[in-house]
Structure formats: structure tokens, C-alpha cells
Amino acid sequence: MTQIVSLYSYRGGTGRSTTAANVARLLAGDGARVAVVDTALHQPALHSLFGIDRLPEWTTFTDYLLGRCPLWNVVREVPLQPSGPLGTGGRLYALPACNLPYKIETIKNRGYDIGMLGEAFTLLSEELELDYLILDTSAGLSNETLAALAGSHTVVSLARSDRVDLNTARLNAELLQRLSTGRMMLVLSGTEGASPAGLDAEFEKAYGLPVTAILPAIAEVSEVSGQTLFVETFPEHVLTARYREIADALAAAA
């Protein structure tokens, strides 16, 4: 059975897309069949993380939703580059959304049949025989995010480890419980400096969940973005170890 996983954050800047791509790579390296879909149609990012710099016309997830191409024209297999302890036993697929401004405006203004999202998730799961379908959502509550949350077995909620996100943590946790019947995981992304003492425990109390992983702020993430995935370049890095904690938690939940 395919485990559908949404990565969600109410506020931007949590490293949601980067986490989705790198955790997917680790799961694929463990032998799983994994697909990552960019449902952040207005601010797509997966194409750059997977090094898909030149998106051909009519072959993105955006175009599929607009009825301009079949779903299978969108699926791109990502090569698993062997690097240190990372495995290459599984398969990794990416479905990027379009980064061209005029297409983003088109889908904003014209809209699409929201039911196509659920149909795509089902088709991908069945036809690609996926172990995991990972949905990178947009920050906040867009129609795409609502559809992703409703159809997910697991929601990974990312929050910045600061007082701003803590102030809305309890309300955000209650909102997610109403929008999704799936299990929830909490991941905190670090700021440039150290988090205030005891802040992690306050997040755990607000969500009623243990923190699965704390992602430190690392400059190298932006340096390798668009060239290779962080976990492939730095397989022994502390951030890779934190991504591994998320991947292991998802595997255990499955």
C-alpha cells in the first residue's frame, strides 16, 4: 500500500521542499519506490532541487492539471547517484510544477478541476507501484494543500523554531487535526542562532507530539541547490542525519 505523505507548514521558510526532496532520496536509497509531487503551483521549487533547470513546454504537473498533457508526460525518473553510504536500490520520480510566470498566472486565473489531484495521486500510486507518494505543499492553506492534507496517511508539519511559530502552534495543530485523518509528525527547522531554551518542549506541548527531528540552519543547503541533493553531497553531515530521522520515522509508520 502506498503511503501518501504531505509536508506542510503554515509559514514559509521552513525548508519544506528541501526536506521533501532529501527525505525522498533517502527512502529511495533504502530500496523504496518513491515519487515527489510539487503541489505548490504558485511557488514551485522541486524543479530546482532536482536540477530540472529547463522545463519543456506542456510537460509539468501544472500543464497536466490544465489538461494540456497526459500525467505520464510529467513523470521524471531521478537518477540515484551513489555517494558514500547512500543506497541506490529503489526508484525516485519527480513531478515538478511549472516555474514560468505566465503559466502560474494561467492556473491562478483559469483554475482547474481539483478532483484531478486525487486522481493523479491514485494513478501514480497504482501504476508506479509506489511505497511512498510525497506531496510538497505550499505554505498556508491553498486548495492544493487542502486536497493533499485530506488524502494523506501522514502529515509532516514543519515549523520554524522561534516564538512566531510557537504563538500559533496550538491553533495550527488543531487545524491539521480537522483537515487530515492521518497521523502527524512534527519537525522543527532551526534559525541561524540557537533556539531559546525550552522552546522545543513548548512545541511538543502545543502539538501533543514529540519532535521527530530538528533541522539546523546550514549554509551549504543553498550552495548545492540545483546541482545535487544535499544528502548525496554530504552523506555524513548532521543535517543528513536529521533527514534520516524523518525517513526512518516514515518507514516505521508505514
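Quick notes on this one:
- Considering only residues in region 149-164 that are under 12 Å from S6 (Cβ atoms) and more than 13 Å from the chain's Cα centre (by Cα), the one that is surrounded by the fewest Cβ atoms within 10 Å (Cβ to Cβ) turns out to be A150.
- When the residues of region 5-57 are filtered to those that are more than 10 Å from the chain's Cα centre (by Cα) and aromatic (F, W, Y), the one that is nearest to A173 (Cα to Cα) is Y10.
- Selection count where residues are at pLDDT 95 or above, under 14 Å from the mean Cα position of the chain (by Cα) and among the hydrophobic types (A, V, I, L, M, F, W, C), scope region 126-148: 3
- Looking only at residues in region 202-231 that are modelled with pLDDT of 90 or more and assigned to a helix (DSSP H, G or I), the one that is surrounded by the fewest Cβ atoms within 10 Å (Cβ to Cβ) is K205.
- Scanning region 33-44 for residues that are touching a strand residue (DSSP E or B) at 6+ places or on another chain (Cβ under 8 Å) and either farther than 23 Å from T212 by Cα or buried (at least 24 other Cβ atoms within 10 Å of the Cβ) (or both) turns up V34, A35, V36, V37, D38, T39, A40, P44.
Yes/no matrix, rows are residues, columns are (1) buried (at least 23 other Cβ atoms within 10 Å of the Cβ); (2) farther than 20 Å from H237 by Cβ:
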site	(1), (2)
A20	yes, no
G31	no, yes
L46	yes, yes
L65	yes, yes
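- Conditions (1) outside any helix (DSSP H, G or I); (2) over 21 Å from F230 (Cβ atoms): number failed by G31: (2)
- Neighbours by Cβ (under 6 Å, 6+ apart or cross-chain): first from region 116-136, surrounded by 13 or more Cβ atoms within 10 Å (Cβ to Cβ); second of a type in the set (S, T, Y): S125/T2; L130/T2; L133/T2; L133/S125; L135/S6; L135/T39; D136/S17
- If the condition is being surrounded by 11 or more Cβ atoms within 10 Å (Cβ to Cβ) and either touching a strand residue (DSSP E or B) at 6+ places or on another chain (Cβ under 7 Å) or over 18 Å from D136 (Cα atoms) (or both), then region 101-112 contributes K103, E105, T106, G111, Y112.
The values are calculated or read from the model by the stated rules, or taken from the named source; none is laboratory data. From a predicted model like this one, the values you see are computed outputs, not experimental measurements. Note that we place each Cβ from the backbone using ideal geometry, even for glycine, and neighbour counts take in every protein chain shown.
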